[in-house]
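A.B. asks: First the structure, which I've put down as structure tokens, then a few questions once you've had a look.
We did not get these values from a lab; they are worked out from the coordinates using the rules stated. Here the structure is a predicted model, which is why all the values come from computation and not from measurement. Positions of Cβ are backbone-derived with ideal geometry, glycine not excepted, and every protein chain shown enters the neighbour counts.
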Amino acid sequence: MKESIRDLLKSNINALAIWEEDSMKMPDIDSQIVDKLFKPHIIFLGLNPSKSLNKIRNFHSNSAGDKRLKSVIQGSAGDEDEKGRELLVNLIGGFMTDLMDKVESDSSKVDLKDHSFNQIEYVLQELSQEHYHLICFGGKTYKAAKNWLLNQKSDKEDVLHCQITKKPYEITLYRVMHYSYRYGENKVGKQLNQINERIDRLT
């Protein structure tokens, strides 16, 4: 793993879509499992942290939403690992971050007028991939990303092929339900399964 990516992961707002088997913690970045599963072309983008990240890593708390996300990615439909568990093989190990660092549990109170994609563009630069699959949690994050990206070509509902403003990266943009949504059925598992299958067909 590049030193610059290690530096990104020193901030608790950034994470990898990998969890320890028996806890919600992210494995050590020097572990074999991280080396095996890290996928720099997969990016999960949230809006902002819902809680302070002073003592926990983003997406890796003991909240019901974070636990749902772990269950979906490491224990949902897809191929089986060496222990026979099902997981989303094309998504596990992706890079995870938020658009803003403001701590707010109510997304309706998050004002995007002062946000910038400079940090996200830096992340893409350091991950150094030609094509990214950018998965947005929630409509507000997806809308902001749409306003940022260029040359958009619609493939299907909530799937766009785009380009970044400063670099010629190709980006496939997806919208999925926020994993913390609790007013009715949470479809994030089904949606991530569909993305996993879609990427599988492309590779």
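A.B. asks: Grab the DSSP H runs of the chain that are 4 residues or longer, score each as -39,500 (n - 2.57), total them, divide by all residues and round the 222 nm result to the nearest 500 deg cm²/dmol.
C.D. replies: Numbers: 6 runs with 58 residues, N = 203.
So the helix-based figure for the chain works out to -8500 deg cm²/dmol.
A.B. asks: Would you work out the charge dipole size for the range 44-203 about its Cα centre, treating the Cβ of every Lys and Arg as +1 and the Cβ of every Asp and Glu as -1, and quote it to the nearest 20 debye? Before the final figure, lay out the partial values.
C.D. replies: Values: 24 positive and 22 negative charges, 99 e Å.
Using only the charged Cβ atoms, the result is roughly 480 debye.
A.B. asks: What is the extension gain from Gln125 to Lys113, computed as 0.36 nm multiplied by their sequence separation minus the C-alpha to C-alpha distance, in nm to one decimal? Provide the component values of the computation, followed by the final result.
C.D. replies: Working: separation 12, 0.36 × 12 = 4.32 nm, distance 2.39 nm.
Working it through step by step, the gained length comes to 1.9 nm.
A.B. asks: Using a/c under 1.5 as the rounded threshold, could you call the range 88-203 rounded, prolate or oblate? The axes a ≥ b ≥ c are square roots of the C-alpha gyration tensor eigenvalues, and prolate needs a/b larger than b/c, oblate otherwise.
C.D. replies: Numbers: a/c = 1.58, a/b = 1.04, b/c = 1.51.
Judged from the Cα gyration tensor, the range 88-203 comes out oblate (a/c at least 1.5, b/c at or above a/b).
A.B. asks: Mind checking which of Gly139, Gly46, Gly94 has the largest fluctuation in a GNM of the chain, springs on alpha carbons under 10 Å?
C.D. replies: Gly139
A.B. asks: Follow-up. State the percent of C-alpha pairs, over all pairs in the range 3-202, separated by a distance greater than 21 angstrom.
C.D. replies: Numbers: 9789 of 19900 pairs.
Across the range 3-202, Cα pairs with separations above 21 Å total 49 percent.
A.B. asks: Next up: Each label point is 7 Å from the Cα along the Cα-to-Cβ direction; what then is the distance between the points at Ser23 and Asp101, in nm?
C.D. replies: A separation of 2.5 nm, rounded to one decimal place.
A.B. asks: Pick from Val34, Val188, Val103 the residue whose mean-square fluctuation is largest in a GNM of the chain, springs joining Cα atoms under 10 Å.
C.D. replies: Result for the chain, Cα springs under 10 Å: Val103 fluctuates most.
A.B. asks: Also, quick follow-up: Work out the charge dipole of the chain with +1 on the Cβ of Lys and Arg and -1 on the Cβ of Asp and Glu about the Cα centre, then indicate which of His60, Leu99, Gly139 is farthest towards its positive end.
C.D. replies: The residue sitting most towards the positive pole is Gly139.
A.B. asks: Multiplying the sequence separation of Asn54 and His161 by 0.36 nm and subtracting their Cα-Cα distance, what value in nm do you get?
C.D. replies: Working: separation 107, 0.36 × 107 = 38.52 nm, distance 3.58 nm.
Result for the pair: 34.9 nm of gain on full extension.
A.B. asks: Pull up the DSSP beta bridges for the range 3-202 and report the antiparallel fraction as a percent, rounded to 5. Can you show the working numbers first?
C.D. replies: Values: 12 of 28 bridges.
So the antiparallel bridges amount to about 45 percent of the total.
A.B. asks: Are there trypsin sites (Lys or Arg not before Pro) in the range 37-75 that DSSP puts in a loop and that have at most 16 other Cβ atoms within 10 Å, and which ones?
C.D. replies: Details: sites: Lys51, Lys55, Arg57, Lys67, Arg68, Lys70; in loops: Lys51, Lys55, Arg57.
Answer by residue number: Lys51, Lys55.
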